[in-house]
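Below you'll find the structure, written out as structure tokens, and then a few comments.
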């Protein structure tokens, strides 16, 4: 393998699959078709001589070798981007404060912030997690430069950059969804995701009881994986060990949640504008934002 090299385009698509959870969303992120991304993964596996994914029912999961590649891929992409940034990106410095609701952090931020930090190492990033209404108030008071906001929670939410499909989930190893009434793990009353979910259950006349209330996505995840409840989460937040409950088993569709990016007016923070563009480029998908 002395004369072989790992193509960074293949590694970017590989990491997009890892970060988004499936080939379709990865294709949206890297600007390719799903079939093109599949061909890229075939080339990557041929280069390495190992399978990077294994089929788990209807889903594709990372193989053991695929998990090993993730760390190497991130370091190689970061080094590549840092080298390019020295010659093509402006020298940015200063401080950017970003607000984001807790349930969006794990899904939306790691890859974006890692790439931004590698390209602009002199910029100090501060990330605050709070409900959307709290973040909006912090923007107004000048405590934040940018915020990702749930559009349903904040009418003046800025530019819509993502539409997140919502799904019902339960543990893949339990049948709690067969209980009557269904034990539900949900968010606090002010949350639009909760309101959308309860409206859907009521419309289908499905009996439920609110068994657990959590402020964070991680708390909902723990209730689900323990087999204690059914919950409603963003499609991109589904993790191994969860089972998606769709119309085939009688669960109703839930309205999607739009995510807006709002800037603090008149800040003149150039680094914040670059981060805003990075977030927009990463999250905005024409397919997801179509009516």
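The values are calculated or read from the model by the stated rules, or taken from the named source; none is laboratory data. If you're wondering where the values come from, they're calculated on a predicted model, not measured in any experiment. Don't worry about glycine lacking a Cβ; one is built from the backbone with ideal geometry, like all the others, and counts go over all protein chains shown.
Quick notes on this one:
- Residue match in the range 12-23 (condition: farther than 30 Å from residue 173 by Cα and either touching a strand residue (DSSP E or B) at 6+ places or on another chain (Cβ under 7 Å) or crowded, with 18+ Cβ neighbours inside 10 Å (or both)): yes
- Filter result for residue 255 (in contact with a helix residue (DSSP H, G or I) (Cβ under 9 Å, 6 or more places away or on another chain) and in a strand (DSSP E or B)): yes
- Flag for residue 224 being over 23 Å from residue 152 (Cα atoms) and either more than 24 Å from the chain's Cα centre (by Cα) or not in a helix (DSSP H, G or I) (or both): no
- In the range 24-40, residue surrounded by the fewest Cβ atoms within 10 Å (Cβ to Cβ) [restricted to those that are under 21 Å from the mean Cα position of the chain (by Cα) and touching a residue at least 24 places away in the same chain (Cβ under 8 Å)]: 25
- Tally, over the range 233-266, of residues that are buried (at least 16 other Cβ atoms within 10 Å of the Cβ) and over 15 Å from the mean Cα position of the chain (by Cα): 10
- The sole residue among 197, 137, 147, 203 that is over 19 Å from the mean Cα position of the chain (by Cα), at pLDDT below 95 and crowded, with 19+ Cβ neighbours inside 10 Å is 197.
- Just one of (1) modelled with pLDDT under 85; (2) touching a helix residue (DSSP H, G or I) at 6+ places or on another chain (Cβ under 9 Å) fails for residue 91. It is (2).
- Test result for residue 190, touching a helix residue (DSSP H, G or I) at 6+ places or on another chain (Cβ under 9 Å) and surrounded by fewer than 14 Cβ atoms within 10 Å (Cβ to Cβ): yes
- Filter pass, residue 169 being in the same structural domain as residue 215 (by TED's automatic domain parsing) and touching a helix residue (DSSP H, G or I) at 6+ places or on another chain (Cβ under 7 Å): yes
- Number of positions in the range 206-221 that are assigned to a helix (DSSP H, G or I) and surrounded by 15 or more Cβ atoms within 10 Å (Cβ to Cβ): 4
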